[in-house]
1. Could you please find all residues in the range 34-50 being among the β-branched types (Val, Ile, Thr) and either within 16 Å of the ligand (Cβ to nearest atom) or at pLDDT below 95 (or both)?
2. Consider the range 207-250. How many of its residues are of a type in the set (S, T, N, Q), within 27 Å of Arg107 (Cα to Cα) and in contact with a Lys or Arg (Cβ under 7 Å, 6 or more places away or on another chain)?
3. Could you tell me which numbered condition Gly337 fails, if it satisfies all but one of (1) away from the ligand (no atom under 11 Å from the Cβ); (2) crowded, with 16+ Cβ neighbours inside 10 Å?
4. How many of the residues in the range 247-277 are near the ligand (Cβ under 7 Å from one of its atoms) and of a type in the set (Asp, Glu)?
5. Output the qualifying pairs, or none if there are none: Cβ atoms under 8 angstrom, residues six or more apart or on different chains, first residue in the range 31-48 and without any contact (Cβ under 8 Å) to a residue 24 or more places away in the chain, second residue in a helix (DSSP H, G or I) and among the basic types (Lys, Arg).
6. Within the group Lys88, Lys81, Lys120, which residue is out of contact with any Asp or Glu (no Cβ under 6 Å at 6 or more places or on another chain) and on the phi < 0 side of the Ramachandran plot?
7. Exactly one of (1) away from the ligand (no atom under 15 Å from the Cβ); (2) over 18 Å from Met305 (Cβ atoms); (3) surrounded by fewer than 15 Cβ atoms within 10 Å (Cβ to Cβ) is unmet by Gly98. Its number?
8. Of the conditions (1) modelled with pLDDT of 90 or more; (2) out of contact with any Cys (no Cβ under 6 Å at 6 or more places or on another chain), Val119 fails just one. Which one is it?
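The values are calculated or read from the model by the stated rules, or taken from the named source; none is laboratory data. These numbers come from a predicted model, not from an experiment. Don't worry about glycine lacking a Cβ; one is built from the backbone with ideal geometry, like all the others, and counts go over all protein chains shown.
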Amino acid sequence: VIILLCSNLQWTEDKEQNRKQMKHTITLIPGDGIGPEIVSATVRIIEATGIEIEWETQIIGAQALEKFGTTIPDSTIESIKRNKVALKGPLTTPVGKGFTSVNVGLRKALDLYANVRPVKALPNVPCRYPELDLVIVRENTESLYAGLEHIVVPGVVESLKIITEKASTRIARYAFEYAKLHGRKKVTGMHKANIMKLSDGLFLECFYNVSKDYPEITADDKIIDNACMQLVMRPEQFEVMVLENLYGDIVSDLCAGLIGGLGLAPGANIGELGAVFEAVHGSAPDIAGQGIANPTAILMSAFMMLRHIGEFDAADRAEKAMMDVYAESDVRTRDLGGTASTADFANAIIEKLK
Ligand code: ATP
């Protein structure tokens with residue numbers, strides 16, 4: 001028994017040692033607008049936890065178009081496929097003209113089908129729902145985001161909404177598995193199946209089919225317009241919500257507003273080939289280059305990333321440091337009514353980590 005105990009202890013120590021020494025290689029995409037500012041603040045905080053990461057910096061979007069003649073270079077896709085994980089700043093998508101969304105292109109190229117967006121209020125951040133704690137699971141590959149648009153005749157445009165049984169079943173299963181893993185008791189499917197009877201009807205049908213495999217979790221549904229009103233009036237009734245791509249996009253911003261704004265909403269894009277962690281918000285060109293953006297959303301995405309690669313301790317410590325800054329100090333970026341710069345806020349967290 002003693003020999004067994006000793007070898008077990010040795011094994012645990014070896015495992016701990018391996019974990020400590022393990023070096024991760026992660027693809028880093030600084031992005032556009034405020035991207036480089038918030039990404040570099042996040043990298044500094046992650047490195048302050050002491051874990052070893054080799055960052056493989058890649059470009060994508062307008063910068064890549066200029067350098068490589070394509071918005072999504074193969075080298076970036078290959079890097080993410082090789083490393084299986086990326087931390088990504090926001091990318092600018094031209095409105096109405098120019099190249100198609102690189103965010104959408106990247107998700108398609110890597111089949112990052114599940115977009116997970118936790119919505120949780122932070123301590124001492126004034127918001128409408130300080131107790132709110134829900135999760136959005138957004139289908140990431142189809143719906144109107146398939147970008148299939150064409151001019152039928154001048155003055156008439158058709159945009160195709162693609163909904164498939166395969167993608168709807170896959171995202172519903174992801175949502176129920178997520179609920180099971182995280183001890184959530186209810187999953188709500190959101191749709192407009194009363195009007196789009198075939199497309200949203202199929203999404204809803206797949207949702208309820210999958211729900212049968214999870215009898216311990218309550219499955220219900222809400223029509224999307226009513227869901228938006230309910231989210232504003234009584235958001236505590238929701239735990240995990242699963243939506244097709246466009247509804248998921250809109251409801252994500254709505255939910256960010258419930259907890260204090262876009263600067264606070266993290267996200268992860270998950271697929272079989274890899275995972276890309278990024279904030280819900282865009283590149284915020286109105287405040288870019290001023291060093292005043294709030295890095296919280298991408299930082300929280302990075303905490304999700306650390307847990308995804310098994311660095312639970314580093315994630316817990318960095319998250320606690322950030323929570324302590326919110327709970328115990330008045331260091332706040334301007335979106336939250338403070339005067340701190342992006343770097344000041346990061347420094348306050350790094351100070352807590354020491
Ligand atoms: P996209 O279409 O790329 O999602 P968007 O239209 O949703 O972009 P954002 O770039 O997300 O727009 O910005 C919306 C508003 O929120 C802007 O006024 C911007 O300054 C603000 N904002 C977004 N992110 C942050 C942040 N991290 N810190 C402070 N303000 C932010």
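1. Our first condition is that a residue be among the β-branched types (Val, Ile, Thr); within the range 34-50, this holds for 34, 38-39, 42-43, 45-46, 49.
Selection gives Ile34, Ile38, Val39, Thr42, Val43, Ile45.
2. Within the range 207-250, the first condition is being of a type in the set (S, T, N, Q), and the residues that meet it are 209, 211, 218, 226, 230, 237, 245.
Now narrow it down to the ones that are within 27 Å of Arg107 (Cα to Cα): 209, 211, 245.
Filter again for in contact with a Lys or Arg (Cβ under 7 Å, 6 or more places away or on another chain), leaving 245.
Adding up the residues that qualify gives 1.
3. Exception for Gly337: condition (2).
4. Here the count works out to 1.
5. Final answer for the pair search is none.
6. Answer to the selection: Lys81.
7. (1)
8. Condition not satisfied by Val119: (2).
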